[in-house]
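As C-alpha cells, the structure follows; a few thoughts come after it.
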Amino acid sequence: MIFAAWPALAQDVPCGNRDAILAALERTWDEVPLVRGVTSSGGLYELTVAPEGSWTVLVTLNGVTCILMTGEGMEPAMPQPPG
C-alpha cells in the first residue's frame, strides 16, 4: 500500500542517490545502517542509527532513495521477563 502513494511521497521528502544519502547521514549525524529489509514489491527499507540515538528510515525504490522519517532517542528494546 505505501508504494501506491510513491509519487506523492517523493515530492514531500528528501530523495536522491542512496550512497550519497548514507554518506551524508554518517558524516552529519554519525548514523550508519542497523537493519534493512526488502518488501514483496522490491523496495529496500533501511534504519540508520547513531550512538547518540538519532535515527532515520530510508526507502529505496527504482533506484531512488528517500528519507521517510527521522527521530531521536533510539535505544535497544530489552525483553521483559515473563510474569
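The values are calculated or read from the model by the stated rules, or taken from the named source; none is laboratory data. This structure is a prediction, so every number in the text was calculated from the model and none was measured. Positions of Cβ are generated from backbone atoms using ideal geometry, with glycine treated the same way; all protein chains shown enter the neighbour counts.
The C-beta contact set for segment 67-82 (first residue over 17 Å from Val35 (Cβ atoms), second residue among the acidic types (Asp, Glu), distance under 9 angstrom, 6+ apart or interchain) comprises Glu72/Glu52. Candidates in segment 18-49 are the residues that are at pLDDT 95 or above and in a loop (DSSP other than H, G, I, E, B); of these, the one that is nearest to Glu75 (Cα to Cα) is Glu31.
So, in segment 50-83, of the ones that are of a type outside the set (A, V, I, L, M), closer than 20 Å to Pro14 by Cβ and outside any strand (DSSP E or B), which residue ends up nearest to the chain's Cα centre (by Cα)?
From segment 50-83, those of a type outside the set (A, V, I, L, M) are 51-56, 60, 62-63, 65-66, 70-73, 75-76, 79-83; that's our starting set.
Add one more test, that the residue is closer than 20 Å to Pro14 by Cβ, and what stays is 54-56, 60, 62-63, 65-66, 70-72.
Next, only the ones that are outside any strand (DSSP E or B) stay: 54, 62-63, 72.
Details: Ser54: 11, Asn62: 16, Gly63: 15, Glu72: 13 Å.
So, considering only residues that are of a type outside the set (A, V, I, L, M), closer than 20 Å to Pro14 by Cβ and outside any strand (DSSP E or B), the one nearest to the chain's Cα centre (by Cα) is Ser54.
With respect to Thr56, determine if the residue is in contact (Cβ under 8 Å) with a residue 40 or more places away in the chain, crowded, with 16+ Cβ neighbours inside 10 Å and of a type outside the set (Lys, Arg). Considered against the rule, which asks whether it is in contact (Cβ under 8 Å) with a residue 40 or more places away in the chain, crowded, with 16+ Cβ neighbours inside 10 Å and of a type outside the set (Lys, Arg), Thr56 comes out as no.
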